[in-house]
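The values are calculated or read from the model by the stated rules, or taken from the named source; none is laboratory data. These figures come from a predicted structure and were not determined experimentally. Every residue, glycine as well, gets a Cβ built from its backbone with ideal geometry; the counts of neighbours run over all protein chains shown. In case anyone asks, the SASA skips ligands and DNA or RNA and just uses the protein heavy atoms, side chains included. Shrake-Rupley method; radii C 1.70, N 1.55, O 1.52, S 1.80 Å.
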Amino acid sequence: MTARTTPPFRADHVGSFLRPSYLLEARDAFFNKKTINAEQLRAVEDRAITEIVKFQQDVGLQSITDGEFRRTYFHIDFLDQLGGVKTDIPVTIKRPDGTEELAPPAIRVIDTVRHVKDIQLADFNYLKSQLAPGMTPKVTIPSPTMLHFRGGRAGISKQAYPELDPVFYDDVAKAYGDELKSLYDAGCRYVQMDDTNMAYLCDEKMREAARQRGDDPNELPHRYANFINKVVAHKPEGMTLAMHLCRGNFKSTFAAQGNYEPVAEALLSEMKLDAFFLEYDDDRSGDFRPLRYLSKGKIVVLGLVTTKFGQLETKDDLKRRIDEAAQYTSLDQLCLSPQCGFSSTVHGNNIAVEDQRRKLALVVETAREVWGG
């Protein structure tokens, strides 16, 4: 086995990092207290991003993100900037056991979906300016499936879209394609789409919710595969387009569970993406048998290291689980990463900054010992 020179890399990561306290204070000053302006906030964000870039380089990562430090939520900050899309702020719900859950925001399509501006371009340009030679900048954006799954047919304007297929899916794919082209023209070659919905379709309670909306949870994965493939058709040549499947990652909690089997064929055989980041950090994810559907030439990044808790995994356990996964697909088609980001929302997971470093270092060291490089 050999190291990879193109993304995803043998040791990779999902993208978000714990926000430093001075960045949280600046965000509070801008959004709540109104004591600083947007330019001042961006200067603080720039400083924090410069530091998190160095952190990633020091720990040995090849793919580098801006930590999603300019976002409040991994998805709505992006989706709200698409023409025709309206989002609402999520609500925090306390469970009976005292833990917290982030109730999904309402994401509504109120007009024809279109790309009205370059959403990530300025942020990418700053990230690129901070990188040392040999580093690959990665941009993370939410999956387009979120524009359908959260509300179903009822969440999409019937005036704008009397019928969804094909016009709605084509419009969204074109908007995403325009965003990908703007990033490609600036030098971006690695984009990851973060998707909760395919993972949610592994959970029976989420599948039942889809039925209640009038959708067939057995048909949706295949419809979403076609939807994603429309986006892939717009992908510039030479760009790696990956998808991360997430079961929820708010303050170390989760929203869904279940084996990948209900979506595996649509995901790993039908989607024409280059790579898939799959959460496999605990029993909620099931076994590795769904990897048998992985098509040749595609990569699965095994999310074996949890970002939810500080306890450190062992190399022996990680190697054992990589070996188990390799029973269902080629070892050369596998990579290693944490299961999710460390801070999918501005709030962050309940984990220490030093634990964040130790877990990433473990991923890098284990990958080197398994694949070389």
Restricting to segment 173-220, name every residue that is among the polar types (S, T, N, Q) and closer than 20 Å to residue 244 by Cα.
192, 196, 197
Among the residues of segment 104-158, write down those that are β-branched (Val, Ile, Thr), touching a helix residue (DSSP H, G or I) at 6+ places or on another chain (Cβ under 8 Å) and within 16 Å of residue 83 (Cβ to Cβ).
107, 109, 112, 113, 119, 141, 156
Got at least one residue in segment 222-229 being in a helix (DSSP H, G or I), touching a strand residue (DSSP E or B) at 6+ places or on another chain (Cβ under 9 Å), at pLDDT 95 or above and closer than 17 Å to residue 268 by Cβ?
yes
Residues satisfying the stated conditions in segment 46-58, i.e. surrounded by 20 or more Cβ atoms within 10 Å (Cβ to Cβ) and within 15 Å of residue 122 (Cα to Cα):
49
Name the one entry in 41, 24, 18 that is open to solvent by less than 50 Å² (accessible area, probe 1.4 Å), over 30 Å from residue 240 (Cα atoms) and out of contact with any strand residue (DSSP E or B) (no Cβ under 8 Å at 6 or more places or on another chain).
41
Could you check residue 61 against (1) farther than 21 Å from residue 142 by Cα; (2) surrounded by fewer than 20 Cβ atoms within 10 Å (Cβ to Cβ) and say which number it fails?
(2)
Kindly indicate the residue of segment 202-221 that is part of a helix (DSSP H, G or I) and open to solvent by 10 Å² or more (accessible area, probe 1.4 Å) and also farthest from residue 151 (Cα to Cα) among those meeting that condition.
204
Which residue pairs have Cβ atoms under 6 Å apart, sit 6 or more places apart or on different chains, and have a first residue in segment 118-143 that is farther than 10 Å from residue 187 by Cβ and a second that is part of a loop (DSSP other than H, G, I, E, B) and β-branched (Val, Ile, Thr)?
138/65
For segment 325-347, what are the residues that are at pLDDT below 95 and surrounded by fewer than 22 Cβ atoms within 10 Å (Cβ to Cβ)?
346, 347
Given the conditions (1) open to solvent by less than 10 Å² (accessible area, probe 1.4 Å); (2) of a type outside the set (Asp, Glu); (3) closer than 27 Å to residue 48 by Cβ, which single one is not true for residue 312?
(1)
Given the criteria β-branched (Val, Ile, Thr), in contact with a Ser or Thr (Cβ under 9 Å, 6 or more places away or on another chain) and over 18 Å from residue 125 (Cβ atoms), does residue 35 qualify?
no
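Each row is one residue, and each column tells you yes or no for (1) in contact (Cβ under 8 Å) with a residue 12 or more places away in the chain; (2) touching a Lys or Arg at 6+ places or on another chain (Cβ under 9 Å); (3) surrounded by fewer than 16 Cβ atoms within 10 Å (Cβ to Cβ).
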{"residue": "277", "(1), (2), (3)": "yes, no, no"}
{"residue": "282", "(1), (2), (3)": "yes, yes, yes"}
{"residue": "291", "(1), (2), (3)": "yes, no, no"}
{"residue": "307", "(1), (2), (3)": "yes, yes, no"}
Out of all the residues in segment 236-257, which are modelled with pLDDT under 95 and not hydrophobic (A, V, I, L, M, F, W, C)?
247, 248, 249, 251, 252, 253, 257
Odd one out for residue 233, checked against (1) open to solvent by 20 Å² or more (accessible area, probe 1.4 Å); (2) at pLDDT below 95; (3) among the hydrophobic types (A, V, I, L, M, F, W, C)
(2)
Please identify the pairs in which a residue from segment 6-32 that is farther than 30 Å from residue 370 by Cβ has its Cβ atom under 9 Å from the Cβ atom of a residue that is open to solvent by less than 50 Å² (accessible area, probe 1.4 Å) and of a type in the set (Ser, Thr, Tyr), counting only partners at least 6 apart or on another chain.
19/343; 27/72; 31/72
Restricting to segment 136-178, name every residue that is small (Gly, Ala, Ser) and within 16 Å of residue 78 (Cβ to Cβ).
143, 173, 175, 177
Does segment 119-163 hold any residues that are assigned to a loop (DSSP other than H, G, I, E, B) and surrounded by fewer than 18 Cβ atoms within 10 Å (Cβ to Cβ), and which are they?
131, 132, 133, 134, 135, 151, 157, 158, 159, 160, 162, 163
In segment 348-373, which residues are aliphatic (A, V, I, L, M) and open to solvent by 10 Å² or more (accessible area, probe 1.4 Å)?
351, 352, 353, 361, 362, 370
Note: among 185, 111, 118, just one is among the acidic types (Asp, Glu), out of contact with any His (no Cβ under 6 Å at 6 or more places or on another chain) and within 25 Å of residue 341 (Cα to Cα), namely 118
Any chance you could count how many residues in segment 151-166 are within 26 Å of the chain's Cα centre (by Cα) and either of a type in the set (Asp, Glu) or closer than 11 Å to residue 109 by Cα (or both)?
7
Taking only segment 164-176 into account, find how many residues are under 14 Å from residue 232 (Cβ atoms) and surrounded by fewer than 19 Cβ atoms within 10 Å (Cβ to Cβ).
2
